[in-house]
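The values are calculated or read from the model by the stated rules, or taken from the named source; none is laboratory data. This structure is a prediction, so every number in the text was calculated from the model and none was measured. Here the Cβ is made from the backbone with ideal geometry for all residues, glycine too, and neighbour counts use every protein chain on show.
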Amino acid sequence: MSTPKFSTKFPTTPRLGHYDVVIVGGATSGSSIAWHLQTNAGFHGSILVVERDPSLQFSATKASNNCMRQQFATKINVEIAQYAAAFVKRYGSNFGYDPCVPDDPIRNFGYLYLSDSQSFTEVLQKDQQLQAGCGAGTEIISAEDVKRKYPFFFTGDLDAGSLNTKDEGAFNAIGMVEWMRKSAQESGVDYINNEVVEMVTDGPRIQSVKLRSGESISVNTVVNAAGTRAAQVSRLAGIELPIEARRRYTYIFSVDDPLPQDLPLTIDPTGVHLRSYGSKDYLVGCPPIGPDVAVDVDDFSFAENAWDEKVLPIITRRIPQFNTARVTDSWMGHYEFNTFDHNAIVGAHDTVKNFHFCVGFSGHGSQQAPACGRAVAELIVYGAFKTLDLGALSYSRIPENRPLTERAVI
Ligand SMILES: Cc1cc2nc3c(=O)[nH]c(=O)nc-3n(C[C@H](O)[C@H](O)[C@H](O)COP(=O)(O)OP(=O)(O)OC[C@H]3O[C@@H](n4cnc5c(N)ncnc54)[C@H](O)[C@@H]3O)c2cc1C
């Protein structure tokens with residue numbers, strides 16, 4: 001995992017006793033909200049971002065595999081991904097010139113879903129139609145075409161593939177967070193290293209938040225951008241959220257004989273996914289071997305040997321040329337998993353109306369932060385969405401039991 005490019009030494013004490021907006025969590029979501037709010041011409045208030053660990057070491061953000069795709073099963077997620085692509089392509093105009101940002105901020109090797117059954121191919125075909133309707137470049141290709149484009153794959157068991165190489169691939173997700181954070185700070189957003197431990201409510205409003213260091217801050221609006229801890233933060237206001245931490249493993253590996261071309265982010269029918277990493281190495285991600293269950297937010301133990309028992313057999317079957325694969329780095333991070341419908345929850349609570357959410361990304365939050373951060377900013381400034389309407393992701397769908405299930409979760 002990368003080390004921060006900019007200073008993460010924040011003061012611990014807030015500058016003011018009252019803020020218009022307090023954002024709990026200063027990683028991808030919190031920083032996107034802060035940046036979009038501060039750069040919104042209609043906003044003239046004060047913003048405090050409270051981050052309990054500015055190194056972000058244990059955040060979902062730090063564990064991200066830095067990828068974006070438009071191959072989703074819900075329209076809103078395709079549109080959210082399209083804003084992510086547009087946003088990172090404007091790095092220069094958003095944040096000023098950065099010599100570390102490549103000319104093309106998206107490495108467009110694409111995503112390739114592999115199907116080994118007619119029934120899954122039909123699912124991919126349906127999704128392709130939805131994606132194409134939004135202008136995405138997804139194509140369903142035959143197993144023979146998979147082999148023709150990527151001759152190194154074993155395709156004997158495959159029925160088809162779903163491929164898009166336009167605005168899909170890897171991007172500098174952690175760099176984006178650092179730039180949003182730095183740019184927000186420079187334009188007047190206060191970041192502190194502290195923890196929100198209490199919220200004082202008065203009927204349908206949060207009046208103030210209390211910090212671990214003891215200070216109370218009165219607020220107009222509070223935003224929960226606490227990622228894997230979103231449920232705990234919500235509970236401070238007496239609200240339950242269906243979000244839990246789930247283990248996900250990432251391995252970086254080298255091989256003696258690298259592929260002659262980029263490996264798209266390939267989702268094997270087993271659910272293991274792998275892609276090019278740098279020029280000659282590869283990244284593979286997978287869920288746990290056993291049941292995919294909630295874990296403690298502080299539990300970062302590498303609980304199993306997924307590499308030997310799961311990953312290696314799958315990747316060498318799919319790409320026999322990888323039989324010399326050896327691990328050079330690995331980490332385990334937590335998805336902030338929304339058990340209700342695997343989708344983000346964006347916007348205000350239905351009764352505590354000055355409490356907003358930007359949570360529950362279920363493994364897509366790096367790419368969803370630009371659009372969701374902008375959406376929360378618009379709700380705070382205008383009381384309504386002005387660009388992309390994310391009403392489908394509102395909190396109210398939970399008490400009203402209207403899941404918007406995102407099937408394409410990897
Ligand atoms: C292994 C892995 C791979 C992934 N790969 C991808 C990918 O390729 N593409 C993609 O789009 N997404 C990916 N994701 C998902 C993505 O990383 C997350 O959805 C996203 O980073 C969530 O950001 P966040 O800011 O909402 O939450 P987090 O990153 O969890 O940040 C929340 C922050 O809130 C702080 N906080 C919590 N409680 C408090 C409190 N009470 N007071 C103050 N601060 C608090 C925490 O310290 C933390 O820094 C991946 C996730 C994992 C685990």
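For the stretch 253-261, indicate whether the set of residues that are within 14 Å of the ligand (Cβ to nearest atom) and of a type outside the set (S, T, N, Q) is non-empty. No.
Can you spot a residue in the stretch 323-336 that is hydroxyl-bearing (Ser, Thr, Tyr), more than 18 Å from SER362 (Cα to Cα) and under 21 Å from the mean Cα position of the chain (by Cα)? Break it down into steps so the answer makes sense when it comes.
First, pick out the residues of the stretch 323-336 that are hydroxyl-bearing (Ser, Thr, Tyr): 324, 328, 330, 335.
Retained after the next criterion (residues that are more than 18 Å from SER362 (Cα to Cα)): 324, 328, 330.
If we keep only those that are under 21 Å from the mean Cα position of the chain (by Cα) as well, we get 330.
Yes, the stretch 323-336 contains a residue that is hydroxyl-bearing (Ser, Thr, Tyr), more than 18 Å from SER362 (Cα to Cα) and under 21 Å from the mean Cα position of the chain (by Cα).
Evaluation of VAL88 against the conditions (1) modelled with pLDDT under 95; (2) over 24 Å from THR266 (Cβ atoms) shows that the sole unmet condition is (2). Under the condition of being within 16 Å of the ligand (Cβ to nearest atom) and either surrounded by 15 or more Cβ atoms within 10 Å (Cβ to Cβ) or more than 30 Å from GLY383 (Cβ to Cβ) (or both), the residues counted in the stretch 298-339 number 22.
Any residue in the stretch 95-112 that is part of a strand (DSSP E or B), modelled with pLDDT under 95 and over 30 Å from ALA231 (Cβ atoms)? Show your work before the answer.
The first filter runs over the stretch 95-112 and keeps only residues part of a strand (DSSP E or B), leaving 106-107, 111-112.
Now narrow it down to the ones that are modelled with pLDDT under 95: 106-107.
Those still in the list that are over 30 Å from ALA231 (Cβ atoms) too: 106-107.
Yes, the stretch 95-112 has at least one match.
Give the residues of the stretch 275-295 that are part of a strand (DSSP E or B), away from the ligand (no atom under 12 Å from the Cβ) and either of a type in the set (A, V, I, L, M, F, W, C) or in contact with a helix residue (DSSP H, G or I) (Cβ under 8 Å, 6 or more places away or on another chain) (or both), sorted by residue number.
Here is the first cut: in the stretch 275-295, the ones part of a strand (DSSP E or B) are 275-277, 281-286, 294-295.
Those still in the list that are away from the ligand (no atom under 12 Å from the Cβ) too: 276, 281-282, 294.
TYR282, ALA294 - these are the residues of the stretch 275-295 that are part of a strand (DSSP E or B), away from the ligand (no atom under 12 Å from the Cβ) and either of a type in the set (A, V, I, L, M, F, W, C) or in contact with a helix residue (DSSP H, G or I) (Cβ under 8 Å, 6 or more places away or on another chain) (or both).
Evaluate the following for SER187: is it more than 14 Å from the ligand (Cβ to nearest atom), closer than 30 Å to GLY278 by Cα, surrounded by fewer than 20 Cβ atoms within 10 Å (Cβ to Cβ) and not basic (Lys, Arg)? No; evaluated as a whole, the condition is false for this residue.
Just to be sure before I move on: is ARG229 outside the structural domain of SER208 (by TED's automatic domain parsing), near the ligand (Cβ under 10 Å from one of its atoms), closer than 30 Å to ARG374 by Cα and in contact (Cβ under 8 Å) with a residue 60 or more places away in the chain in the structure I sent? So that I can check it myself, show each step before the final result.
On the way: outside the structural domain of SER208 (by TED's automatic domain parsing): no; near the ligand (Cβ under 10 Å from one of its atoms): yes; closer than 30 Å to ARG374 by Cα: yes; in contact (Cβ under 8 Å) with a residue 60 or more places away in the chain: yes.
Criteria not met by ARG229.
In summary, ILE141 fulfils each of the numbered conditions (1) without any contact (Cβ under 8 Å) to a residue 40 or more places away in the chain; (2) in a helix (DSSP H, G or I); (3) surrounded by fewer than 19 Cβ atoms within 10 Å (Cβ to Cβ); (4) among the β-branched types (Val, Ile, Thr) with the single exception of condition (2). Taken together, ALA136, ALA132, ALA81 contain a single residue that is of a type outside the set (S, T, N, Q), outside any strand (DSSP E or B) and under 19 Å from the mean Cα position of the chain (by Cα), which is ALA81. Considering the stretch 173-184, and only residues there that are within 11 Å of the ligand (Cβ to nearest atom) and surrounded by fewer than 24 Cβ atoms within 10 Å (Cβ to Cβ), the residue that is nearest to PRO54 (Cα to Cα) turns out to be ILE174.
Checking the conditions here, which among ILE47, ILE33 is under 13 Å from ALA226 (Cβ atoms) and either at pLDDT 95 or above or crowded, with 24+ Cβ neighbours inside 10 Å (or both)?
Values: ILE47 fails: under 13 Å from ALA226 (Cβ atoms).
Answer to the selection: ILE33.
Within the stretch 361-399, take every residue that is under 29 Å from TYR111 (Cα atoms) and more than 14 Å from the ligand (Cβ to nearest atom) and give me the one that is surrounded by the fewest Cβ atoms within 10 Å (Cβ to Cβ).
Among those that are under 29 Å from TYR111 (Cα atoms) and more than 14 Å from the ligand (Cβ to nearest atom), it is THR387.
Mind listing whichever residues of the stretch 190-221 are within 11 Å of the ligand (Cβ to nearest atom) and in contact (Cβ under 8 Å) with a residue 24 or more places away in the chain? Steps first, answer last, please.
Here is the first cut: in the stretch 190-221, the residues within 11 Å of the ligand (Cβ to nearest atom) are 191-199, 209-212.
The answer is TYR191, ILE192, ASN193, ASN194, GLU195, VAL196, VAL197, GLU198, MET199, VAL209, LEU211, ARG212.
Within the span defined as the stretch 162-170, one or more residues are more than 16 Å from the ligand (Cβ to nearest atom) and surrounded by fewer than 19 Cβ atoms within 10 Å (Cβ to Cβ).
Being of a type outside the set (Ser, Thr, Tyr), under 24 Å from THR387 (Cα atoms), crowded, with 17+ Cβ neighbours inside 10 Å and at pLDDT 95 or above, is that true of even one residue in the stretch 13-22? Checked against the condition, which is being of a type outside the set (Ser, Thr, Tyr), under 24 Å from THR387 (Cα atoms), crowded, with 17+ Cβ neighbours inside 10 Å and at pLDDT 95 or above, the stretch 13-22 yields at least one hit.
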